[in-house]
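Since the structure comes first, as structure tokens, the remarks are kept for the end.
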Amino acid sequence: MKFAKNVSKQPRKKRKAFYDAALHERRHFIHAHLSRELRESFGKRNLAAKKGDRVKIMKGKFAGLSGKVVGVDLGKGTIQVEGAVVKKQAGKEVFVPINPSITVILETERKPEKRTEQQPAAKAEEKKSA
């Protein structure tokens, strides 16, 4: 059985890789599952949560709450959802950071990417030589 040489099984190294990841890599940490309808239209199981998406929280204190994504924190790998707030001692309400893995995207403004049919290599070579 082959294993990738640059990937470790050790939890401490996985944690370090998570904390040391660059921002463009951290985008993968904020993926959330898609609803059944969106799954069929996008042809994917999950997408990165984005500001403006409507999500439903499935677990925890705010389970069952659905609202728009107000903010995304790539540094911490969390999102803030409209309605998921806690009142502080001074009376100020703050958004609770939610892990996107416990949410489901219900609506999004993004459109599914249409993939174009790729031509076989033989046809592509014929066009180049002609």
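Just so it is clear, none of the values below were taken in a lab; they were calculated from the coordinates. Being a predicted model, the structure only gives us computed values, none of them experimental. Note that we place each Cβ from the backbone using ideal geometry, even for glycine, and neighbour counts take in every protein chain shown.
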Phi to ³J(HN,Hα) by Karplus 6.51 cos²θ - 1.76 cosθ + 1.60 over the stretch 86-103, Hz, x for Gly, Pro: 10, 8, 7, 4, 7, x, 6, 9, 10, 6, 8, x, 10, 6, x, 5, 9, 10
Residues with amide H under 5 Å of ASP53's amide H, sequence separation 5 or more or different chain, H placed in the peptide plane at 1.01 Å from N; which? VAL69
Amide H within-cut-off set for HIS31, under 5 Å, with H built and near neighbours excluded: ALA49
Not counting the cut sites, what is the longest span of the chain without GluC sites (Glu not before Pro) that DSSP labels loop and that have at most 12 other Cβ atoms within 10 Å? 1-108
In order over the stretch 62-74: 3J(HN,Hα) from phi, Karplus 6.51/-1.76/1.60, θ = phi - 60°, whole Hz, x for each Gly or Pro, gives 9, 4, x, 6, 10, x, 7, 6, 8, x, 10, 10, 5
Using label points projected 7 Å from each Cα along Cα→Cβ, tell me how many nm separate ARG12 and GLU109, to one decimal. 4.6 nm
If each residue's Cβ is checked for other Cβ atoms within 10 Å, how do LYS59, LYS50 rank with the fewest at the top? LYS59, LYS50
Using the Karplus equation 6.51 cos²θ - 1.76 cosθ + 1.60 (θ = phi - 60°), what ³J(HN,Hα) coupling, rounded to whole Hz, does each residue of the stretch 37-42 give in order, writing x for Gly and Pro? 5, 5, 4, 5, 6, 8
